[in-house]
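Asks: Starting off with a structure, shown below.
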Amino acid sequence: MFPLPTAVKRSHILITLVVVSLIILFTLRPVSRPFYVPTRGAALDSTSLLILSAQEHVGLSVAGDTKSFDLPDSASPLHLIVPATSSNHHLCQLLLSAAILGYPSPTLINWNAPEDEDDYVQHLTKVEGILNHLNSLEPQHDDDLVLMVDGYDAWFQLPPSVLIERYHSLVRDSSGQYSRTGTRHLLVRRSSLDTVFFGQDKLCWPGGRSRAACWAVPDSTLSLQAFGPDTDHGIVEHNRPRWLNSGTIMGPVKDVRDVFIATLEKIRANHTENSDQFYFANVFAEQSYARQPAEVPTLSEEETVEIPDIPDGQRTEYHIGIDYESALFQTVAFYEDYIAWVMYNQSSDSMKSDHKHFNPYHHFALPEDLQDSSPLDTLPEKGKRLATSHSSMLAEALGSWSSLPLGVNTITKQVFPLIHFTGKKGYREMWWHRNWFYPYAGDLLRHKQSLEEGVGDAWTAGQEVKVIPWSSLCGRYEEYLFGQAD
Ligand SMILES: *[C@@H]1O[C@H](CO)[C@@H](O)[C@H](O)[C@H]1NC(C)=O
Ligand SMILES: *[C@@H]1O[C@H](CO)[C@@H](O)[C@H](O)[C@H]1NC(C)=O
C-alpha cells in the first residue's frame, strides 16, 4: 500500500499539472481553421492596394442610366463544405488534394448519417444538411465565400488563391455577358451581378429538352464553333456546356443560403426526380425566364414544352451563374476528349511563333495567373525553405507551374482548379496518377503536417462540432493515394 498523498503533496501535484498544461497550451502549433483567409493584395503593388482597401464597384451605363454594382470583398474568407456520410479512397482523393494545396479543413455534412432508401428523404437530407450548416454560421460570416463540393468524385488541382481570384473575375465579368447578348438593360434593373456559380454540363440532365431548365436558360459563352462545325448539332460530346451541374457551387454564404432555401422549397412542393440537380436547375430556369423569356422551342407533337409558371410576387432572382469556361470547375462527362495534361515548359519558341500565325487553336500558354506563382506558394514561409532543402526533386518540382503536368480544358484553355468526375467514374482511378502532386503527395502531406496542426483533418457539422483526424479518415488509403499500392 502507498501512503495517501497529504494535502500539501496534493497541491504540489495540482500546481505541477496546471503548469504542464499551460506549457503544452502555449507551445501548440497553429491549428488549421475551417476557413481560408486570402492575403489581401499579396500579388499587387502598393498603388493597387490602396484602391483595394475600399469596397470595389463596377459601373454600367445604359442610355444615360448608370448603376453601380458592389463586388464581393476580395479578402473574404473561404469555407469548404463537403457532403459525405462516410470515408473511402474517393473522399480521401479530395481531402488529400485539399490538404496539399492549402484549402481550409472541410466541414463534412451528414457525416455518419444513415443512407435512406427513400430518394426523397435522401435529397432532403443533403440539401437540408448543407442549409442547416449555412444557417449555423454566425452573421459575421454572411459575406464569406463558401465552396460546396460533392464528396466522392472530385479533387483539386490549383490552390485556393487561384480559385478565389478566378471567382472574383467571374463575378466582375457577369456584367459582360449581358453586354455581349445585348441585354444590358436587364442587368441594370437588377440589384447585383451573378455571385453564385455552378459547374457546367454538356447535357441537360435529368429530363428531356422540353424542360424549362433545358431551353429557358442562357446560351453558353463558348463560341459557336468551339467544338468544330458540328458544335451543338446533336452529338453530346460536341455540345457547348450550357447547363447547370450541382456538384460544385461557390458564392457568398448569404446568397448560397438563399439558393438552397429556394431549392428545398421545390423539393418539398413536388418531388418527382431522383436528383437534387433537377431542383437547382428549376430555380435557375425560373431566374433565367424571369430575366428574359427565351423563345419557346417547337418540339415534336408528343412533347409538351414546360413553360415556367411563376406566381406573382414569387422571388426568382438568385444571382446564379454558370462557370461555362471551367475557370473554376471542370466536369468530365462528354468532355473526356477535350481534357489533356500539358507541361507548359515543353513548347519551344519556334512552335510558339508558328502557332501565332498558322494554328492558334493548338497554342497553349501558361495562364497569366499561374505565371507569377508556384506550388511552393501553398506552403508557409518557413515550410518553403525546409521543403527545398529537404529534397531537391521536390524543390525543382515546386519551383514553377510550368514544369509540372497540368490538366487543361483544350477548348477554353483553362487550367481548372478542380475536376469533377461526372459520367464515367473509372477516370477517378485512371487519372489520379496524372496529378502534378502525385509523385510527391506523401512527402508534401507529411511536410505540411509537421508545420501545422490539423492538416488533412476534417470537421463535422451540427450541434457538436468534432474534428476527425486525417489518420482515422484516410490513413488506411495512404498506400493507394501515394502510389505505393502496386
Ligand atoms: C410536378 O412536377 C412534374 C414534372 O417534374 C410536373 O409534370 C407536374 O405537373 C408537377 N406538379 C405540380 C403540382 O406542379
Ligand atoms: C520541363 O520541366 C521538367 C521537370 O522539371 C524538366 O525535366 C524538363 O527538362 C523541362 N523541359 C524544358 C524544355 O525545359
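Asks: Hey, what's the Kirkwood Rh for the stretch 441-486 if you take every pair of different alpha carbons, in angstrom?
Replies: One over the average 1/r among Cα pairs gives 11.7 Å for the stretch 441-486.
Asks: Same structure again: Students often check this: by mean Cβ neighbours within 10 Å, which of 335-343, 449-457, 400-408 ranks highest, and how do the rest follow?
Replies: 400-408, 449-457, 335-343
Asks: Also, I was wondering about something else. Add +1 for every Lys or Arg and -1 for every Asp or Glu among the other residues with Cβ under 13 Å from the Cβ of Asp116, and state the total. Please list the in-between numbers first.
Replies: Values: positive: Lys126; negative: Glu115, Glu117, Asp118, Asp119, Glu128.
Around Asp116, the surrounding residues sum to -4.
Asks: I would also like to ask the following. Based on the Cα coordinates of the stretch 249-349, what is the per residue volume of their convex hull in Å³?
Replies: Numbers: hull volume 21.5 nm³, N = 101.
In the stretch 249-349, the Cα hull volume divided by residue count equals 213 Å³.
Asks: Would you list Cys474, Cys92 from fewest to most Cβ contacts within 10 Å? Intermediate values should be presented prior to the final figure.
Replies: On the way: Cys474 26, Cys92 22.
With the fewest neighbours first, Cys474, Cys92 line up as Cys92, Cys474.
Asks: Moving on to the next point. List the pair-distance distribution P(r) of the stretch 191-233, using every Cα-Cα distance, as the percent of pairs falling in each 10 Å bin from 0 up to the bin containing the longest distance, rounded to whole percents.
Replies: Percent of pairs per bin, in order: 21, 46, 29, 4.
Asks: Measure up Lys202/Lys254; Lys202/Lys266; Lys202/Lys413 against 19 Å on the Cα-Cα distance and list the ones that go over.
Replies: Working: Lys202/Lys254 29 Å; Lys202/Lys266 24 Å; Lys202/Lys413 17 Å.
The pairs that break the limit, which is 19 Å between Cα atoms, are Lys202/Lys254; Lys202/Lys266.
Asks: Given the peptides 129-139, 288-298, 324-334, 235-245, arrange them by the average over their residues of other C-beta atoms within 10 Å, most packed first. If you can, show how the numbers build up before the last one.
Replies: On the way: 129-139: 16.9, 288-298: 13.8, 324-334: 23.8, 235-245: 19.7.
Order by mean packing, descending: 324-334, 235-245, 129-139, 288-298.
Asks: I need the peptides 205-215, 302-312, 411-421 ranked by packing, meaning the mean over residues of other C-beta atoms within 10 angstrom, with the highest value on top.
Replies: Details: 205-215: 17.9, 302-312: 10.8, 411-421: 22.5.
By packing density, highest mean first, the sequence is 411-421, 205-215, 302-312.
Coordinate-derived values only; no laboratory data. Predicted model, so just to flag it, every value in this text is computed and none were measured. A quick note on method: Cβ atoms are made from the backbone with ideal geometry, for glycine too, and the neighbour counts reach across all protein chains shown.
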